[in-house]
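Notes follow the structure.
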Amino acid sequence: MRMRCRPSTFIVRMRCPRWIPIEFLARSIGIVRGGLPEDRAARPADTAEVEGRVEVHPEFADGLDGIEGFSHVFLLAYFHKVPDDARGLLKVKPRRLLREGVPLEGIPTVGVFATDSPARPNSIGLTLVKLVARDGNVLVVKGIDLFDGTPVLDIKPYRADYKAKTHGVPTWASKYDAERKPL
């Protein structure tokens with residue numbers, strides 16, 4: 001993957017023998033300010049109370065009109081802090097389980113698409129945040145699990161019809177989270 005640096009634009013190139021090579025322009029529409037602390041020890045186990053701001057680039061500010069009425073929004077972001085050697089990993093240990101007290105040797109190795117790991121082939125993340133307020137081109141949000149400086153690729157409002165009426169998870173995931181029921 002290669003990035004051409006301009007303030008809000010980067011080019012993504014992906015090549016793999018089994019994939020069709022693609023290149024697309026990914027233009028950030030904004031940037032996260034605040035958010036998760038850099039220091040792992042200072043990060044909360046639950047991000048529900050973490051506050052931050054999404055500073056939307058001025059040329060996209062008109063796209064925010066009408067967003068104030070939504071209680072929550074999805075942020076699509078580019079994981080810019082993932083080290084090069086972690087990009088493209090297909091097997092990972094869900095590290096969030098460490099914060100829940102599970103020893104590393106007790107965490108199963110699973111496919112990256114079965115986790116919310118930032119180490120993934122395209123380094124794109126999706127997070128749901130509470131929209132606290134809008135001030136011009138700035139959204140004040142709560143529950144953000146992104147770092148300061150994270151490029152935001154898109155913002156989409158949360159709608160009630162996105163919610164699954166029932167859902168299940170594999171046994172390995174339900175073992176560590178009482179709210180989740182196994183398949």
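Out of contact with any helix residue (DSSP H, G or I) (no Cβ under 6 Å at 6 or more places or on another chain) and surrounded by fewer than 14 Cβ atoms within 10 Å (Cβ to Cβ): which single residue out of G111, G88, G125 fits that description? Please lay out each step first, then the result.
Working: G88 fails: surrounded by fewer than 14 Cβ atoms within 10 Å (Cβ to Cβ); G125 fails: surrounded by fewer than 14 Cβ atoms within 10 Å (Cβ to Cβ).
That would be G111, the only listed residue that is out of contact with any helix residue (DSSP H, G or I) (no Cβ under 6 Å at 6 or more places or on another chain) and surrounded by fewer than 14 Cβ atoms within 10 Å (Cβ to Cβ).
Restricted to the range 135-146, and to residues that are buried (at least 19 other Cβ atoms within 10 Å of the Cβ) and of a type outside the set (D, E), which residue is nearest to S71 (Cα to Cα)?
Among those that are buried (at least 19 other Cβ atoms within 10 Å of the Cβ) and of a type outside the set (D, E), it is V141.
Out of (1) among the hydroxyl-bearing types (S, T, Y); (2) part of a strand (DSSP E or B); (3) at pLDDT below 90, what's the single condition that is false for T127?
(3)
Assess whether T109 counts as being at pLDDT 80 or above, within 23 Å of T150 (Cβ to Cβ) and touching a strand residue (DSSP E or B) at 6+ places or on another chain (Cβ under 6 Å).
no
A164 - would you say it is outside any strand (DSSP E or B), surrounded by fewer than 15 Cβ atoms within 10 Å (Cβ to Cβ), free of Cβ contacts under 8 Å to residues at least 60 places away in the same chain and on the phi < 0 side of the Ramachandran plot? Walk me through how you get there before you give the answer.
Details: outside any strand (DSSP E or B): yes; surrounded by fewer than 15 Cβ atoms within 10 Å (Cβ to Cβ): yes; free of Cβ contacts under 8 Å to residues at least 60 places away in the same chain: yes; on the phi < 0 side of the Ramachandran plot: yes.
So A164 passes the test.
Taking the stated definitions as given, is I155 part of a loop (DSSP other than H, G, I, E, B), modelled with pLDDT of 90 or more and under 21 Å from the mean Cα position of the chain (by Cα)?
Taking the combined requirement at face value, the residue does not satisfy it.
The values are calculated or read from the model by the stated rules, or taken from the named source; none is laboratory data. As the structure is a prediction and not an experimental result, all values here were calculated from the model. In this analysis, Cβ positions are derived from the backbone assuming ideal geometry, glycine residues included, and neighbour counts consider all displayed protein chains.
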